[in-house]
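One structure below.
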Amino acid sequence: MATLPCSAESLIEAYGPHLNHEPPGGFAARTAPDRTVNTHCCFCGQQCGVTLAVKDERVVGVEPWEEFPFNQGKLCPKGIKRYLQNNHPDRLTRPLVRTGRGFAPIPWDEALDIVAERIRRIQLHHGRDSVAVLSGASLTNEKAYLMGKFARLAVGTRHIDYNGRLCMVAAGAANLKAFGIDRAANPWADIVATDLVMVLGSNVSECSPITTDYIWRARDRGARLIVVDPRLTPIARTADLYLPVRPGRDAALMNAILHAVVRLGGVDEDFIAQHTTGFEAVREAIADCAPEAVERLVGIPAARIVEAAELWVQAPRTMLLHARGIEHHTHGVENVLSCINLVLATGKIGKPGCGYATITGQGNGQGAREHGQRCNQLPGGRDIENPAHRAHVAAAWGVTESDIPGKGATAPEIVEMIHRREVRGLLSICFNPLVSLPDARFTQEALERLDFFVAIDFFLSETARHADLVLPGSLHEEDDGTVTSVEGRVIRIRKAVEPPGEARRDWEIVCELARRLGQGERFDFHAPADIFDELRRLSRGGVADYGGITYERLDRDMGVFWPCPTEDHPGTPRLFEGGRFGHPDGRARFHAIEYRPPAEDVDDEYPIILTTGRVVSQFLSGTQTRRIGPLVAQQPEPKVEMHPRLAARLGIADGERVRVVSRRGAIELAAHVAATIRPDTVFIPYHWPGAQSANRLTIRAYDPIAKIPEFKVAAVRVERVA
Amino acid sequence: MIQELYIDPNRCIGCRACEQACSECPGHGGIPMIHLDFLDRAESVQTAPTVCMHCEDPACASVCPADAIKVDAEGVVLSAMAERCIGCGNCVLACPFGVPKLDPHRDLMMKCDLCYDRTAVGLRPMCATVCPSGAIFYGTRGEVEDIRRAQPLDRFAFGAQTVRTRNHLMVPSPTDLLEVTTTLVAPRSRAEQLLEECLC
Amino acid sequence: MAVVRGGGIRLGLTERLALRDAASVTALLAVAVWAGSGRFAFFDPALAGYLGATLVAAFGTTYRLSAFWRRPASAVYARALAHGLRAPRQAWTVVRAAGRDLAAQRFIARRSRARWAAHLLLSLGTMASVAITVPLVCGWMHFVADGGAIYRVIVFGLPLGRFAIAGPLGWVVFHALALAAVAVVAGAGYFLALRLRTRALPGVTSSFHVGPLVLLLAVALSGLALPATRGSATLFLLAARLHEALVVVLLVGLPFSKLGHVLVRPLHLGAQLVRAPGARRTTCAGCGAALAPVAQQAAVERLLAARGFRFDDHQRHCPACRRRLVATAQSALLGAHFQPRTAGARPASPSRDQAA
């Protein structure tokens, strides 16, 4: 049973979140560091370069790393205060075992023996796939690769998936369908060189702040800016054109823009003929999507939709950027494809200052989705259901093809299988589903039904509180490795300090577990570089080809863009140059998109749209950032953002407590009344757990292809708390 | 060429990286000297960072009873000397830009001194180094004029008073003088107008 | 203000008054030495150098204090302090504040506890040394042997008491200076070490900050050398000359060095009176928040006006509203900047860097 071993309050008392405000000994005591280490921020997919200051083998501060080309020293508040996760009082430093009254320390050997024994016992009774592995997209490429290999060879389960399922998968699936490659098509430098930036569903200012500077540099050159978002975000405030789309209607809007583009004669017939297939179906599908026909649906006057089309057609070079705002939907893949249709129909891709990208959210959102910790994928971006791909990987791993399990369930499906008791045992790392998955009460029920749950974590996350065993792993700054940034640039993470106490580096724990599961010889790694070497050799010939990338090159060149098949290959900053796409015929694919409504639309009972997202001072489920005092101080708690007109109708004043109710549950928060959101929509940031969790309201509805949850639309009602 | 700060509140995204970075600077451990204000959050997301503008004739120094605020040879108005500052707050009342703050617990005036400790050793001020939107830029006038459409401005009118500063505010076109009026209502941006016309 | 005109220096009113004060105090001190030492009967000629430096220091210090406190900005708080001392109900508050922030220097503790401890040692050690040596130098106090084991204390020519040389009081009398010197060494040593540890920061090791520390340290150490070199007449003479020279430098430089901040600190008490929690406050013209005590706001406006500043109504806003006013003015200019020209306009013009 995996109910909490004692009250949540006493767990919080013992393991936090507590707030760390100052470097060790306080600011006054901080003097010249012993050494500095150039590495990257542990948080979002921008992967800004940052220099950590180390004193007495502890990380005591940061210094901007101005030489790193992507951010040139620029940092958001998370990057500046990230060092406070080191030396944190909540840090787990010994393996913990659940007792009747909470958790107690246990020796490593004993803990690892228990894990191996329990996994094998559950598999003996319920089959190999009754144990699942949940992993994360903040892990390095090395660890992401290792988790896929570990689950399939050491545990022998088909069920491994990761929290990138909540982030990147809609864009990834659409990119694969349309282009045959899942990566940002252009390096960020192309944003600066463009004539029009179109940003959809991305609160760039808070979720990828460094991208703001790229957009402004383009504007300094005279570029225009279109922002599509139900909330008037800081980047939207000064936009040339702002389209406050009704949540969930992005595909209808994009179809209408494309309709207007066709009407304006802005279609690039030559490009379509030479480099794509399938446009005729699109032309038919959008025939009845005139701006005038959909303006009520999308919530934007037709004239503004036409204006967007005009700006798009007039601009010689365009960059279309989108993020979770259009992807977190039951039709997330279709939303993305509708954007790609516009890009392809006008031939605006594969050129300097001209192209397309999805803004990856998680720290290693790009790399962690390439190397085999996804349920349907093998290293190098290979397909687990493609026999040739399976044979290639099996040969490299020294197993027969049949030893590699088939396609498994996605992360939300794994949680549903746990709820149905089809999965009995769980190993998780770098994932806090209790906060991050939709319908949090359901996730909690599922966790409570597990027979055995082992979590590798550095802090006791809300999810890890349910574990039978907690193994203290490593923080970002305690290990070497590589990640792949939003641009597709592979970069080096450098170790600054050793893990504290008995804590071990994640890969050492996983390799040790593999040995106890009888697969030691396949996990005989002595350093992250060993794992990277295996990964890059294996990726050679795959879509995400790291074959020519070495640690030495990364150190020397400050990163290499994949694909990079050989060591003398310069890497590939820009994809699709000359209109050559990743499909075998070299052509991109159009996909005719019919608008579909969200899974749960508003009605009389639940008349308001709830949309969720992030704030700049917190990251994802907040396991790290809710422990950093200065970040928590920036926004201590979530609030419900609503338009003054809606607030007036509901009789709510700014700051008042309100109850937000959906079919899944209700939470009470303070109202934040501001004229910066559509009046039919409310917004709640999702970083907080329990009674403050936006995900107690969201719906367990998924995109049919990518299985990404519909975080961005749920029907709610809002009431004053008497 | 003299390096200075160029502030463009219009680019500001309100992320508070400047405050967090400022609080990391040695000398004022944990406490930011830079200000980040919402203009009117109920109406707009617009925010503005404010650093000391380093006035040619600093009003703060002219009213200091302890003669604690000094101007160095390069025109940098330094933070109050701790051994002299008596925590009266005259400087807070005098500064037209609203920059100095009084730490009532320590009876000490604190303000941005252009990251004296960093700039003197060739580093850029923390706030300008980290600012993700470029709202705070540190460099020479030539550099900023090369890369920005907006133009630097260093003369301000408050009432009948004209103030010339070492640091600059960025404005859209060559403008000699920014008239600071007493109206607190910013004009609506086009995006803000477009939100009002959305169909619900 | 001293004004140089036509080759000569014309003194402003403040300087003339300060010179008057300095001359008066120095004259009074000279008379006091003459009278207090029984017309130099008890004056030790060996201390003549010290006396000279003391007179110079008295002149310089009084001049600085008087001139400084007469500056319009300082006078506001000086007057508040004077007024507070005269008002029976405030006087006790002032005395308590003086005990807390001048004697115990608690305001430094609120800035840093270690600095406070070091500063207390340094300042109390210095002031104790002054309190002990000035009466001796001026001939106001001397000791007369009364038999082999007893000393009589003579102050201003009058017998004040007697103590046994070997007794506890005797020990304290003979070691007080040494104790004070040890305190100075500890305090100055701490601050020097702090400055050396952070020497990478600009200005930290400037002569303005380090000079007085080194000087105090040297005075204390050379003072401690006096009893230590009793055995050798040559060494003792050397130590005595060195000590005298260092003290003379310290005294003469006192009012113009960093140590001069002592003269500013009493204004802190005046500021506390003006900012007393009960004081009536003005409110911000923008947001209505409490702004400042009415008296202080008026004083600052007067000071600014006297300096020719005319901020008018801007001055009646709180700092946050002043910042918003500046940003709003900038925003008003930028308002039109990002509007698209007209729909259907030409594509963006070539960029600056392309054109270049």
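Read the figures in this text as sums done on the coordinates, not as results from a lab. Every value quoted in this text rests on a predicted model; they were computed, and no experiment measured them. So basically every Cβ, Gly included, is an ideal-geometry build from the backbone, and we count neighbours across all protein chains shown.
Return the long-range amide H neighbours of A:Lys55 (sequence gap of 5 or more, or a different chain), with a cut-off of under 5 Å between placed amide H atoms.
Here A:Asp34, A:Val60 satisfy the definition.
If r is the Cβ-Cβ distance from A:Arg296 to B:Ala160 and R0 is 56 Å, what FRET efficiency results, to the nearest 0.05?
It comes out at approximately 0.55.
How much length is gained if the chain between A:Glu280 and A:Asp533 is pulled fully straight, taking 0.36 nm per residue apart and subtracting their Cα-Cα distance, in nm to one decimal? Present the calculation step by step, with values, prior to reporting the outcome.
Working: separation 253, 0.36 × 253 = 91.08 nm, distance 4.54 nm.
So the chain would gain 86.5 nm between A:Glu280 and A:Asp533.
Considering every residue in A:214-227, what mean count of other chain Cβ atoms within 10 Å of its Cβ is obtained?
That average works out to 5.
How high is the FRET efficiency between C:Leu235 and C:Leu136 when r is their beta carbon distance and R₀ equals 25 Å, given to the nearest 0.05?
0.65
Suppose R0 equals 22 Å. What FRET efficiency, 1/(1 + (r/R0)^6) with r the Cβ-Cβ distance, do A:Thr93 and A:Glu13 give to the nearest 0.05?
0.80
Each label point is 7 Å from the Cα along the Cα-to-Cβ direction; what then is the distance between the points at A:Asp270 and C:Arg111, in nm?
7.2
Any idea how far apart B:Glu74 and C:Ala279 come out in nm if each label point goes 7 Å out from Cα toward Cβ?
Once both label points are built, they end up 3.6 nm from each other.
So what's the gap between the Cα centers of the range C:225-282 and the range A:163-183, to the nearest angstrom?
73
Using only atoms on other chains, find how many Cβ atoms lie within 10 Å of each Cβ of peptide A:305-315 and report the average. Intermediate results must be reported in sequence, preceding the final value.
Details: counts 0, 1, 4, 0, 0, 4, 6, 0, 1, 6, 2.
The per-residue average across the peptide is 2.
Return the average number of partner chain Cβ atoms within 10 angstrom of each residue Cβ along peptide A:31-41.
1
Checking the table A:Lys177/A:Lys707; A:Lys55/A:Lys81; B:Lys70/B:Lys101; A:Lys639/A:Lys712; B:Lys111/C:Lys258 against a 18 Å threshold on Cα-Cα, which pairs fail?
Beyond 18 Å between Cα atoms: B:Lys111/C:Lys258.
By a straight-distance test (C-alpha under 16 Å), which lysines pair with A:Lys143 as possible cross-link partners, with residues fewer than eight away in the same chain excluded?
Of all the lysines, those that pass the test against A:Lys143 - Cα under 16 Å, at least 8 places apart if same chain - are A:Lys495.
Using Cα centres only, tell me the gap between the range B:42-73 and the range A:1-74 in whole Å.
Using only Cα atoms to place each centre, the spacing works out to 32 Å.
From the backbone phi of the range A:290-297, what are the Karplus-calculated ³J(HN,Hα) couplings (6.51 cos²θ - 1.76 cosθ + 1.60, θ = phi - 60°) in whole Hz, Gly and Pro given as x?
4, x, 5, 7, 10, 4, 5, 4
State, to one decimal in nm, how far the label point of A:Glu110 lies from the label point of C:Arg199, with both points 7 Å from Cα in the Cβ direction.
Spacing of the two 7 Å Cα→Cβ label points: 5.4 nm.
Counting only DSSP beta bridges with both residues in the range A:608-720, what percent are antiparallel, rounded to the nearest 5?
60
Quick one: Karplus J couplings for the range C:177-192, per residue in order, coefficients 6.51, -1.76, 1.60, θ = phi - 60°, nearest Hz, x for Gly and Pro?
Working through the residues one at a time gives 5, 5, 4, 4, 5, 4, 4, 5, 4, 5, x, 5, x, 4, 5, 5 Hz.
Which order do the peptides C:29-39, A:488-498 come out in when sorted by mean C-beta neighbours inside 10 angstrom, highest first? Working shown, then result.
On the way: C:29-39: 15.7, A:488-498: 21.5.
Ranked from most to least packed, the peptides come out as A:488-498, C:29-39.
Taking 0.36 nm per intervening residue step and subtracting the Cα-Cα distance, what contour gain separates A:Asp383 from A:His21 on full extension?
Answer, rounded to one decimal: 125.8 nm.
Distance between Cα centroids, the range B:128-200 to the range A:560-590: provide it in whole Å.
42
Output the antiparallel fraction of DSSP beta bridges having both residues in chain A, as a percent to the nearest 5.
Roughly 50 percent of the DSSP beta bridges within chain A come out antiparallel.
Show me A:151-161, A:212-222 ranked by packing, highest mean number of other Cβ atoms within 10 Å first.
Answer by packing, highest mean first, reads A:151-161, A:212-222.
If amide H atoms are built 1.01 Å from N in the plane of the peptide, which residues on other chains or at least 5 residues away come under 5 Å of the amide H of A:Tyr356?
Hits under the 5 Å cutoff: A:Ala185, A:Asn186, A:Leu320, A:Gly350.
Report Rg (one decimal) and Dmax (nearest whole number) for the protein assembly as shown, counting Cα atoms only, units Å.
Rg then Dmax for the protein assembly as shown, in Å: 36.2, 125.
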